[in-house]
Structures are given as C-alpha cells and as structure tokens.
2 protein chains.
Amino acid sequence: MIEIIFKATNLEELEMKTAKPIKIIASGKYLPKIVYSSQIEDLHNLERGWSAKNSGVESRHHVTFECNGYMGARAVENAFEKSNLQLKDVDLLISASATFDYPLPNQASVIKSELVNGNEFDFGTIDIDASCLSFVSAFEVASALLDGKQYKTIVIVSSEISSKGLNPANKETITLFGDGAVAFILQYDESADARFYKAMQKNYTEGIFDSLVKGGGNKYYFKDNPYTADLYSFTMNGKNLMRLALQKLAPFIDAFFEDLAIKILDVDSVIPHQASLKAVLILEKTYNFKPNQVKGNLKTHGNCIASSIPMLLHDSIENGEIKRGDICFLVGTAAGFSIGGALIRY
Amino acid sequence: MIEIIFKATNLEELEMKTAKPIKIIASGKYLPKIVYSSQIEDLHNLERGWSAKNSGVESRHHVTFECNGYMGARAVENAFEKSNLQLKDVDLLISASATFDYPLPNQASVIKSELVNGNEFDFGTIDIDASCLSFVSAFEVASALLDGKQYKTIVIVSSEISSKGLNPANKETITLFGDGAVAFILQYDESADARFYKAMQKNYTEGIFDSLVKGGGNKYYFKDNPYTADLYSFTMNGKNLMRLALQKLAPFIDAFFEDLAIKILDVDSVIPHQASLKAVLILEKTYNFKPNQVKGNLKTHGNCIASSIPMLLHDSIENGEIKRGDICFLVGTAAGFSIGGALIRY
C-alpha cells in the first residue's frame, strides 16, 4: 500500500498535499430490463453480431417503466442495505447525471422524494452535471465538502436514461447506450486508510458540439420545435471525438500525474468511462497496462453516460477485483468536450 | 468589522471553524431587453397596475435573440473587464442555473464556448443545479474547492431564461419572472479580509412538486408528449409554497446561526431570493430588520430563478450598498422544496 503518493519536499507540504480521508462506505446499483444486441439487431434490420463487433456491446439495460428518480432511489437504498448507516446519517445527496426526470425541480430532490421514507429527512439535494464525467466531478466536490463536521456523510447517485434519446436511424448509438443507476455513500473518516487524492477536469471547446442533444433546452425550445428523432436524439461526431481523444488524452494524463510520485501504470485499477469501443481502446493502447489493470463493462452495460464509471467501480468492488487499499484512477471523456480524472484509494 | 464570527472554546476549534479566505474579485451582469408590466398587462388583458400590485414587479427583462450561453458569456466578460484577471487565470467555470440551452452538453461548456477566445483555454466546466439556490450551492462548492493551489480562481455564472417557460394563461407567473445573467470571479486569497463562513441547504420533500416544469425530461418525454403550455410551463402551488416557507424559514435560519456568534439581525446585508412578493415579505416580517438591511430588486428584475440572488448581490455592490468588509447573508427558497443560505464577508 502506498502511504503518501504526492511528491513533497517537506512535512508541511506533504500534509497539505496529502488528500483527505474520504472513504467509500458502500455502493448500490439498479438495472432495468436487459436488452440483448440480437433483439436490437432484429428490430432494426442489422446483421446479427453487428453491435458486438462495432459497438462492443452484447447486452445493455433499458428502462421500461422506470424514470431517473425511481432508479436512483433504488440504487441509494441498495447501498444503504450494505452499510451500517441510515438515511438519517446523510448530510447531502448529490445527483451526478446528465439526464433527468423534470426540467424543474432538480434531480437530487426527485431522487430523495422517491426514497422510502425520504420525506422524513431534510438533508440537502444538489445536482452536478459534467455530462459523462458527472460522477467524477461529484466525487471531487463531495471530497472537498466532507469535513467530518458539517458534512460527515454524502451520497452520490448517478441515474441515467439514455434509451429515450436514441435515434432509430443511428445504428452506432442505438446499439451503444444503456440505462442504469448507481449510488455511493462517502464518509469523512480519519481512522480510515481510504483517501481522495486528486481530481482534474479540462474542457476543450473545439469539441463543444461533437456530442449533442440539440432539442429540449432554450436553444431549440419545445414550443417552436416539435419532436423529431433527429432534433431530440443524441448525436455524436465520432470522427472528431476520436481525433480529440487521441490528441488530448495522453497530455491530460501526463498533467494529472505530474505532481504525483506514482504514474498511471502504478495504480491498481483504472476505471475508464465506457464511451465506446474505440474510446476504450485509445486508452488501453496508449499505455502498456498489466492484464486486468484496466476494468471494463462495455460488453454487458454499454455506455451508461455518467453511470458508467461508478457502475464499473461498483462492479469491480463487488466482484473482488478492487480491494480495500487499492489505488483507483477514474478517467473519462465527456460531452463538451472534456476529459476528467480522479485518483482515490478504496 | 467582525473578525471571528464562530463561537469557539479554543484556538484550534477557532482555526477549524473560521472559514476560508475567499474573495469576490469582481462581478458582471448581462440583461436582455426590458419589458414593462404595462406591456404584459396590455398583451394579456390585465388591468394596468395588476403586476406591481400582485407580483411586485414593475419591469423585468426578457430575451429576444439571447440564449443562456450568450448571456452567461457576456456576464463573465463584464466581470473580467472590472478585474485585473484574464481568462487564462481561470481554473474552473461553474454554471449555476436551473435553465439551459441544450440537454447535452452541460451549460458551463456552452458558456465557455460562447466566450470570446474561450476556445483558447482548457479550464474545467461543471454545472451545479439546486434550482433557485444554484448560485448559493455553487458558492459553497467553489469555496470548498478553492485552495490557492489547484484552484486559485473559480468563476460562477448564473444565466437564466424563465420567459420561454411561462404559461400565458397564468397571470401570476407571466408577470413575475425575468431573465438575465450574472457572473462572479472568486479567488482564494490569504491576504484578503474576505471570508466564506458557512453555507447550508435543507430539502423538504413535502414540497417536491410545488414548483414544477412537468414536460421536457424523461418523465413526460418530448416524443410522447407534444408541446402544450400547460405541460411545458412552470407551475407553482403558491399556497403550499407560502405555507412551507412560513413553517420552515425561521427554524432554518435558527439552525444556520446556531453555531455562530452573530445572528441574522447582526449581518450588514441580507440578500434574499426574489421568489415573489409574498415570499420576500415572509422573511422581512419574521425579523425586525433595520431599514435597507434586506436588499431587494423584485420591482425591477422579477424572479430570475438562480440569477436573482447573485444579481442582487452584484447590484448592491455596484451601487455601494455593500462595501468591503460587510457581512452578507444570502438566503432563499428553491423548487424541490429547499431552503438554503450562505454567509460571507465581502
């Protein structure tokens, strides 16, 4: 176990740079109905195996009756079942997602209202949206707020529904995206070995509209723009996104680890956003990773927007691939175009 | 000037509880076209003076060509014009709003892309949505992140367009709401007298849908729910909101000041959200405030959602009513139903 991973020249600097004792107490998950690629392929007249080959996805989950609030609440309850904590211990609920049930109120308030007995508590509810990096940003914000005094316990929930915003005419996206929710309970715990070390996000405006849902905000307002799949569905300029990722990812990771005594190859687990088959390969091919050092669940979950990273973290903890003490690097790209990362010790 | 405002029994506790040297460097504003109440009254067959009497609004601003990104970018540029800083100094841009241009990407990325030369920089871009309290939450988050190292300078922008989501059949809302943007540049500055002391938010689920935009998210999805003013406009259950505010506001403020050596009547300026005429009066009537201690701009701006509080703070600074060293209490209600507050020294 690496005790202090920041470069430092004196004790004071070490103290300042050594990040906070933030512990993941438990995590929980909710998945809607499984949808196999063969079902999508049959429905959209794609050749069998097209999805696995081109999108890297064999199955994913899509909502039937569920909304973001419902799934998020079930994920939170699932996390609490695995902890010794209760809702009364929560100081703040952060919804870290790109999709939502209502334009107003914010999603965290809706998730709280969907919790069994959620109405008995008055903890705060805020949303953080950094599109696919929302969980990474929320983890950083929660770690900054947690102080063991005003904020002892913060819950982060990523609950995403991508399936409603997919254009049937676009085979790349209809095979790629999945839905689902995941929740993490974080605590400030000085007695824990767990740490939040650092997070970083950079935005590269040249890719601002390479991932886009055009209709549904004030730019293309509902009233003046009736629904068409083209206008209201997710579109991506795959070529530009790949070019940007290829160009920016390695310099971003260099900058991230610049002031650290460890490098990306030293971390126990890399948890990348499951943006697409090609995006995942860019990361894996840039470094000479050890087998199983980079986790992935694209094949069974697809791209679940901001839920992808926490779901992969959750699954890797559940299946024993990530153990207490492991250094984990969460990293990904996001619409906007952004790259972000966070380094933690589980 | 009150030097230390936390109750404390020893030096260590004082140090821990005395909040961070966060300084408002500058702020900027953008307002779209002014709309007088007489214009709205004539258009909707309301008697002249109805708005001033019932909503407390004589004029507000509504967008013509502008979007959230455009207004937000102009407000940011206006703030930088008044500072010695440049965009290259920015470490993070937070969009703190309830309304947005696109469902994806997030609004902060859009604002950055609308900035003149915004594409030359790669600072991070995240959104924080706590509906009308978004700026208060963003101020708290920025203060937690700012450390003078990784985060020296953070810009918070609240840019709101309410006018598109108003139902012509609802005279209470069409006369009440306004649009506009405001931006604040915050820095960690140990040499400054400025302070961030504390923020708090509580959510009361019993009011979850008392402020609501029903259509436009995953619950009432565009595809299955064509536009109607009823479904896609802001609705409020004024009676419930008033009841909740009356019941929860004073206990919230008591809890906020519980561990402080000062009380609400001791602060130099109270900056309340301009939710409505009745909401503003509830606060003013609960305490025996000094004249001009509670600021307001409902009459000339209406309720500008999350822009209301920072716009009032900005205007009060600009017109000299808030001076360096003044203790300011930002406070308000929000959809969800939440109450929040932040205590700072300007």
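Near the amide H of residue A:338, under 5 Å away, which other amide H atoms are found, from residues 5 or more places off or on another chain, if H is placed in the peptide plane?
Answer set, sorted by chain and number: A:204.
Have a look at A:180, A:141, A:116 and report the one farthest towards the positive end of the charge dipole of the stretch A:20-193, computed about the Cα centre with Cβ charges (Lys/Arg +1, Asp/Glu -1).
A:180
Tell me, for the rotation carrying A onto B, which chain A residue has the beta-carbon closest to the axis and what that distance is in whole Å.
Looking at chain A's Cβ atoms against the axis toward B, the nearest is A:144, 2.
At residue B:323, label 7 Å along Cα→Cβ: distances to the other copies, nm, ascending?
Distances to the matching label points in the other copies: 6.4 nm.
Would you mind classifying the stretch A:196-345 by shape? Square roots of the alpha carbon gyration tensor eigenvalues, ordered a ≥ b ≥ c; an a/c under 1.5 is rounded, otherwise it is prolate if a/b is larger than b/c and oblate if not.
Values: a/c = 2.25, a/b = 1.77, b/c = 1.27.
Prolate is the answer for the stretch A:196-345, as a/c is 1.5 or above and a/b outweighs b/c.
Could you check the simple spin-label distance between residue B:281 and residue B:240, using points 7 Å along Cα→Cβ, in nm with one decimal?
With each label placed 7 Å out from Cα toward Cβ, I get 2.3 nm.
Rounded, prolate or oblate for chain B? Axes are the square roots of the Cα gyration tensor eigenvalues, ordered a ≥ b ≥ c, and the cut-off for rounded is a/c under 1.5.
It comes out oblate by the Cα gyration axes.
Compare B:259, B:210, B:179 in a GNM of chain B, Cα atoms joined below 10 Å, and give the one with the largest fluctuation.
Ranking B:259, B:210, B:179 by mean-square fluctuation puts B:259 first.
Inside 10 Å of the C-beta atoms of A:144-151, what's the mean count of C-beta atoms belonging to other chains?
Averaged over the peptide's residues, the number is 4.
Can you classify the stretch B:92-158 as rounded, prolate or oblate using the Cα gyration tensor, where a ≥ b ≥ c are the square roots of its eigenvalues, rounded means a/c under 1.5, and otherwise it's prolate if a/b beats b/c and oblate if not?
oblate
Can you compute log10 of I(q)/I(0) for the stretch B:123-180 with the Debye formula, treating each Cα as one identical point scatterer, at q = 0.13, 0.24 Å⁻¹?
The Cα Debye sum returns log10 ratios of -0.48, -0.98.
In the stretch A:80-215, if every C-alpha pair distance is counted and binned at 5 Å from zero, what percent goes to each bin?
2, 9, 17, 19, 19, 14, 9, 6, 4, 1, 0
In nanometres, what is the gap between the two model label sites at residue B:88 and residue A:288, each 7 Å from Cα along Cα-to-Cβ?
3.8 nm
With just the Cα atoms of the stretch B:247-298, tell me how far they stretch along each of the three principal axes, in Å, largest first.
Sorted largest first, the three principal extents are 31, 24, 16 Å.
To the nearest 0.05, what FRET efficiency results for residue A:319 and residue B:223 with a Förster distance of 35 Å applied to their C-beta separation?
0.45
What ³J(HN,Hα) values, in whole Hz, does the Karplus curve 6.51 cos²θ - 1.76 cosθ + 1.60 give for the stretch B:26-39 when θ = phi - 60°, with x put for Gly and Pro?
6, 9, x, 9, 9, 10, x, 5, 6, 10, 7, 4, 4, 5
Per residue of chain B, what 222 nm ellipticity follows from adding -39500 (n - 2.57) for every DSSP H run with n ≥ 4, rounded to the nearest 500? Show your work: numbers first, answer last.
Values: 12 runs with 108 residues, N = 346.
My calculation for chain B gives -9000 deg cm²/dmol from helical runs alone.
Of B:82, B:152, how do they rank once you tally other Cβ atoms within 10 Å and put the fewest first?
B:82, B:152
At q = 0.06, 0.08, 0.10, 0.11 Å⁻¹, what log₁₀ I(q)/I(0) does a Debye calculation on the Cα points of the protein assembly as shown give, no solvent, two decimals?
-0.31, -0.56, -0.89, -1.10
So the label point sits 7 Å from Cα along the Cα-to-Cβ vector; using that for residue A:169, what distances do you get to the other copies, in nanometres, sorted shortest first?
Between copies, matching label points for residue A:169 lie 3.4 nm apart.
Go from 0 up to the bin containing the longest alpha carbon distance in the stretch A:255-344, width 5 Å each, and give me the % of pairs per bin.
3, 13, 26, 28, 20, 8, 2, 0
Step through the residues of the stretch B:144-152 one at a time and calculate ³J(HN,Hα) from phi using the Karplus curve (6.51 cos²θ - 1.76 cosθ + 1.60, θ = phi - 60°), rounding each to whole Hz and writing x for Gly and Pro.
Per residue, the Karplus-derived 3J(HN,Hα) values read 6, 6, 4, 9, x, 10, 5, 10, 9 Hz.
Along Cα→Cβ at 7 Å, what distances in nm separate the residue B:65 label point from those on the other copies, shortest first?
5.0
Can you give me the distance in nm between label points at residue A:265 and residue A:116, each placed 7 Å from the Cα along the Cα-to-Cβ direction?
Modelled inter-label distance: 5.0 nm.
Can you flag which of B:88/B:152; A:223/B:214; A:88/A:149; B:29/B:285; A:152/B:263; A:82/A:149 are past 20 Å Cα-Cα? Numbers along the way, then the final one.
Numbers: B:88/B:152 12 Å; A:223/B:214 14 Å; A:88/A:149 15 Å; B:29/B:285 30 Å; A:152/B:263 25 Å; A:82/A:149 24 Å.
The pairs that break the limit, which is 20 Å between Cα atoms, are B:29/B:285; A:152/B:263; A:82/A:149.
Hey, got the average number of other protein chain Cβ atoms within 10 angstrom for residues in A:203-214?
Other-chain Cβ atoms within 10 Å of each residue's Cβ, averaged: 6.
Which length gain, in nm to one decimal place, applies between residue B:47 and residue B:150 when the Cα-Cα distance is subtracted from 0.36 nm times their residue separation?
Stretched fully, the residue B:47-residue B:150 segment lengthens by 31.5 nm.
Take the alpha carbon atoms of the stretch A:184-259, find their radius of gyration, then divide it by 2.2 N^0.38 Å using N residues; give the quotient.
In units of the 2.2 N^0.38 Å rule of thumb, it is 1.69.
List the residues, sorted by chain then number, that are 5 or more residues from residue B:270 or on another chain and whose placed amide H is less than 5 Å from its amide H.
Correct list: B:294, B:295, B:329.
Just to be sure I understand: with springs between alpha-carbon atoms less than 10 Å apart, which residue in A:86, A:274, A:187 has the highest mean-square fluctuation in the Gaussian network model of chain A?
Per the Cα network of chain A with a 10 Å cutoff, A:86 tops the list.
Can you give me the long-range amide H partners of residue A:197? Hydrogens built in the peptide plane at 1.01 Å from N, cutoff under 5 Å, separation of 5 or more residues or another chain.
A:343, A:344, A:345
Count neighbours as other Cβ atoms within 10 Å of each site's Cβ, and list the chymotrypsin sites (Phe, Trp or Tyr not before Pro) in the stretch A:61-158 that are DSSP loop with at most 10 such neighbours.
A:65
What does DSSP give for the protein assembly as shown in terms of the percent of beta bridges that are antiparallel, rounded to the nearest 5?
Of the beta bridges lying entirely in the protein assembly as shown, close to 75 percent run antiparallel.
Each residue of the stretch A:157-174 in turn: what ³J(HN,Hα) in whole Hz from Karplus with 6.51, -1.76, 1.60 and θ = phi - 60°, glycine and Pro shown as x?
10, 10, 10, 10, 10, 9, 5, 6, x, 9, 8, x, 7, 10, 5, 5, 7, 5
Is there a simple number for the mean count of other chain Cβ atoms within 10 Å of the Cβ of residues in B:130-143, and what is it?
The shielding value for this peptide is 4.
The numbers here are math on the coordinates, done by the rules we state, and not lab data. Given the structure is predicted, the values throughout are model-derived calculations rather than measurements. Here Cβ is always computed from backbone atoms with ideal geometry, including for glycine, and neighbour counts include all displayed protein chains.
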